[in-house]
């Protein structure tokens with residue numbers, strides 16, 4: 001019986017190898033198939049398919065009228081002086097460092113929408129992709145590849161695209177059955193052997209550290225956390241060393257999580273949903289984080305439309321959402337995608353996690369921001385400035401934290417809100 005099973009597995013592995021070889025091409029050949037005017041999805045964040053992107057950028061001349069659409073790319077498009085350059089127009093749901101540089105030359109269109117709504121946009125065919133460029137793990141014996149550290153909107157995009165070109169990278173961790181894509185879905189395959197992109201937040205100053213400490217004080221034992229990409233929420237994780245049985249249900253997980261797991265602080269024992277498991281949709285860190293994820297049954301990734309569903313979020317006990325903002329008016333309206341008068345970051349999954357935390361039993365929705373902007377003006381304003389969009393409406397705002405303390409706005413009148421916010425503003 002064991003011999004028969006071994007033969008079947010060997011045959012399956014042989015079939016997978018054959019399919020891989022049949023689709024294998026060079027990066028240059030793969031991107032030559034991208035034609036004039038096509039809309040191309042680019043895989044996200046630390047799973048950005050850098051080899052394919054650079055081959056596409058290196059074409060001379062580049063195909064005209066091509067639009068690259070993506071959630072977040074970071075450091076994938078660089079020239080010799082370290083500045084971002086691109087021959088194509090970009091359409092982004094979130095503005096990372098390279099897109100912020102490109103936007104200065106008017107090469108980027110920003111789409112302000114929640115990431116969890118992107119799959120619905122694709123289902124409606126209001127947004128279509130001719131080609132998807134992704135990076136995945138090698139296939140298992142059954143021919144299934146994992147999207148690894150970036151499931152987010154990538155799964156929906158590659159399933160809807162007419163053609164899919166994949167980088168297969170043995171460095172990509174496997175992150176659960178919900179991340180798997182059959183090898184048959186890929187029209188062409190480029191084999192790479194590069195380190196997965198690593199990402200660490202830059203060290204923060206005294207103001208940000210004080211905000212992080214205040215936020216940490218609000219978090220209780222047994223809470224389930226969503227952190228996001230903000231620097232202050234990630235710094236806050238370092239001040240949770242005395243907590244017990246924390247859980248994680250987050251759109252993104254980052255490097256500081258590793259210490260909390262290794263010290264037994266994150267156990268997920270009281271979550272209520274996916275108890276004992278870390279749930280996320282993408283990861284941004286170093287190899288240390290990626291090794292923690294690889295094949296770990298206690299960490300499971302899902303597409304963003306599941307992870308960011310407010311009903312799913314609310315099913316977690318004592319859910320805590322931490323959103324980093326850049327401005328708030330005296331009534332409580334929050335802006336988190338415009339900084340110093342320019343677009344910065346994006347909506348991402350902030351509204352869904354904020355609302356889900358509010359609905360969670362014992363949940364807390366926290367807004368954190370520095371009391372002053374880079375130009376020295378107050379970030380707590382009589383009114384938001386022109387161009388500063390409301391990402392969290394005032395009716396949903398509960399906790400607001402600055403380096404001067406914490407204000408609680410929910411259920412308070414406009415006058416009471418103004419007084420509470422002035423108390424945590426810069427003197």
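Observations on the model:
- Within segment 313-345, the set of residues being more than 16 Å from residue 377 (Cα to Cα) and part of a loop (DSSP other than H, G, I, E, B) comprises 315, 316, 317, 318, 331, 332, 333, 336, 337, 344.
- The residues listed here are 359, 339, 355, 288; of these, the one that is in contact with a helix residue (DSSP H, G or I) (Cβ under 9 Å, 6 or more places away or on another chain) and without any contact (Cβ under 8 Å) to a residue 40 or more places away in the chain is 288.
- Neighbours by Cβ (under 6 Å, 6+ apart or cross-chain): first from segment 117-142, at negative phi; second part of a helix (DSSP H, G or I) and surrounded by fewer than 16 Cβ atoms within 10 Å (Cβ to Cβ): 141/9; 141/12; 141/13
- Segment 251-267, residues that are in contact (Cβ under 8 Å) with a residue 40 or more places away in the chain and in a loop (DSSP other than H, G, I, E, B): 255
- Residue 407 meets each of the listed conditions (1) part of a strand (DSSP E or B); (2) under 30 Å from residue 206 (Cα atoms); (3) in contact (Cβ under 8 Å) with a residue 40 or more places away in the chain apart from (3).
- When residues in segment 77-95 are screened for being in contact with a strand residue (DSSP E or B) (Cβ under 8 Å, 6 or more places away or on another chain) and in contact (Cβ under 8 Å) with a residue 24 or more places away in the chain, 7 of them pass.
- For segment 54-65, the criterion of being modelled with pLDDT under 95 and either within 26 Å of the chain's Cα centre (by Cα) or closer than 21 Å to residue 148 by Cα (or both) is met by at least one residue.
The values are calculated or read from the model by the stated rules, or taken from the named source; none is laboratory data. These numbers were taken from a predicted model, which means no experiment stands behind them. Ideal geometry is used to build each Cβ from the backbone, glycine not excepted, and the neighbour counts take in all protein chains shown.
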